[in-house]
1. Please specify each residue of segment 196-233 satisfying the condition of being away from ligand 3 (no atom under 16 Å from the Cβ) and in contact with a strand residue (DSSP E or B) (Cβ under 8 Å, 6 or more places away or on another chain).
2. In segment 231-283, which residues are modelled with pLDDT of 95 or more, more than 25 Å from Phe182 (Cβ to Cβ) and aliphatic (A, V, I, L, M)?
3. Just need a number here: residues in segment 123-136 that are of a type in the set (A, V, I, L, M, F, W, C) and open to solvent by 60 Å² or more (accessible area, probe 1.4 Å).
4. Which residue out of Ile177, Ile157 is out of contact with any Cys (no Cβ under 9 Å at 6 or more places or on another chain) and over 28 Å from Lys111 (Cα atoms)?
5. Take the residues in segment 137-167 that are in contact (Cβ under 8 Å) with a residue 40 or more places away in the chain and more than 25 Å from Thr184 (Cβ to Cβ), then tell me which one is most open to solvent (accessible area, probe 1.4 Å).
6. What's the number of the only condition in (1) under 19 Å from the mean Cα position of the chain (by Cα); (2) modelled with pLDDT under 95; (3) surrounded by fewer than 19 Cβ atoms within 10 Å (Cβ to Cβ) that His49 fails to meet?
7. Which fully enclosed helices (runs of 4 or more DSSP H) of segment 111-181 have 2 or more residues being more than 16 Å from ligand 4 (Cβ to nearest atom)?
8. Considering only segment 218-246, how many residues are more than 16 Å from ligand 2 (Cβ to nearest atom) and open to solvent by 40 Å² or more (accessible area, probe 1.4 Å)?
Amino acid sequence: YAKADTHDSIIFHSDEMNIELEKRIDLERSLRKGIENNEFFLVYQPIIHSTTGEIKICEALLRWVHPKWGLIPPLEFIPIAEETGMIHSLGKWILNAACKQVKEWQEAGFKNIGASVNVSAYQLDSTRFIENVKRALELSGLEAKFLHLELTESVMIDKSKKTVSMMRELKGMGVKISIDDFGTGYSSLSYLKHLPIHALKIDRSFIQNLNQQSPELSIVHAILTMGHGLGLRVVAEGIETNDQLAMLTSLGCDFVQGYLIEKPLEARHFTQWLEKKQKASNL
Ligand code: C2E
Ligand code: MG
Ligand code: MG
Ligand code: MG
C-alpha cells in the first residue's frame, strides 16, 4: 500500500506541475489577444487624506479575466508580461484607461481626484514610455498634475542615467512619482534626496504588524520622519483596522489606503462610492 501511495502522490504532483506549466504557457500566449479582446480591466482603490478623509487619488489596479483560467491576480501575470515584453503595450493600455477614467470622474464633478498608476521597472527601459505618458494625458485631457506614477525601489537600485533623466522629464511635465512598497527594497536611501520623488508609500507588511509594542512602530516612525524631512508626502497602504488608522494618523501620516477605507472597486462601483461620499459630506 505504501508503495502505491507514493506512486499516486508522484503522479498527483506531476499533474499539478503540468497544469501550472500549461497555464503559464497559455497565459504567455494569450496576453496579446487578451488586450485586443478587452479581457483586462482596472479596479480603483481610494487613497484619502488621513485627517480630513477627503479623497486625493485612486490607485488603478489591473485585473485579467481569462476565458479559460478565470480571474488572474496581477502578481501572476505581470511577471509574464515583463518577461515577454508585453508589459509595454499593456502599460500603455493601463495609462490610457486610467487617465480617461479619472478625467471622466473629474468631469462628473469630482474635480480634484487624481490617478495613481503602477509602472513596472521594465517600462522605463523603453524611451517610448515618456511618449506613452504624454499621449495618455493628451488623449484623455487629464492635467499632468493629476497623474501619479508608482515605481518600486527596484527602479532606483540600478538607477541608470537614463532612468533618472526620464524621471526628471516626467517631473518637468508635472507628473508626480511615488515610491511603492517603500522599505522592502535594498536600495540605498541616498537616492531619495537626488531623485524627483513626490511621495513614499509605506509597504503593507509594516502596516500589518503595526502596534504599540511592535518594531514596525519604529520603522514606520522613521519612514515618516525621513520622508517629511525630505519634503515628501507619505502614504500608508494596506490599512485594515481602526487601530492601524488611528496610529498612522497620530504619527502624522498624510494619506491612507486599505480595505478599511475601501477595497479596489470596478469603475461603476467607484463612481457610486464617490457619490455616496459626496452626499455624506454635504449633509
Ligand atoms: P501594489 O501596487 O503595492 O498594490 C497594492 C496591493 O494591495 C493591491 O493588490 C491591492 O488590492 C492590495 N491591497 C490594498 N489594500 C489592502 C489591504 O488593506 N489589505 C490587503 N491584504 N491588501 C490590500 P493587487 O491588486 O493584487 O496588486 C498586486 C500588485 O500587482 C501591486 O502591488 C502591483 O505591484 C502589481 N500591479 C497591480 N496592477 C498593476 C498595474 O496596472 N501595472 C503594474 N506594473 N503592476 C500592477
Ligand atoms: Mg501600487
Ligand atoms: Mg504597494
Ligand atoms: Mg505591493
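The values are calculated or read from the model by the stated rules, or taken from the named source; none is laboratory data. As the structure is a prediction and not an experimental result, all values here were calculated from the model. All Cβ positions, glycine included, derive from the backbone under ideal geometry; neighbour counts span all protein chains shown. When the accessible area is computed, the model is the full protein with side chains, heavy atoms only, and any ligands, DNA or RNA have been set aside. Shrake-Rupley method; radii C 1.70, N 1.55, O 1.52, S 1.80 Å.
1. Hits for segment 196-233 are Pro196, Leu224, His228.
2. Ala267, Leu274
3. First pass over segment 123-136, keeping only residues of a type in the set (A, V, I, L, M, F, W, C): 124, 129-130, 133, 136.
Then keep just the ones that are open to solvent by 60 Å² or more (accessible area, probe 1.4 Å); that gives none.
So the answer is 0.
4. Values: Ile177 fails: over 28 Å from Lys111 (Cα atoms).
Selected residue: Ile157, the only one of Ile177, Ile157 that is out of contact with any Cys (no Cβ under 9 Å at 6 or more places or on another chain) and over 28 Å from Lys111 (Cα atoms).
5. Once the filter is applied, the top-ranked residue is Leu139.
6. Among (1) under 19 Å from the mean Cα position of the chain (by Cα); (2) modelled with pLDDT under 95; (3) surrounded by fewer than 19 Cβ atoms within 10 Å (Cβ to Cβ), His49 violates only (2).
7. Ranges flagged: 128-140, 161-173.
8. Count: 16.
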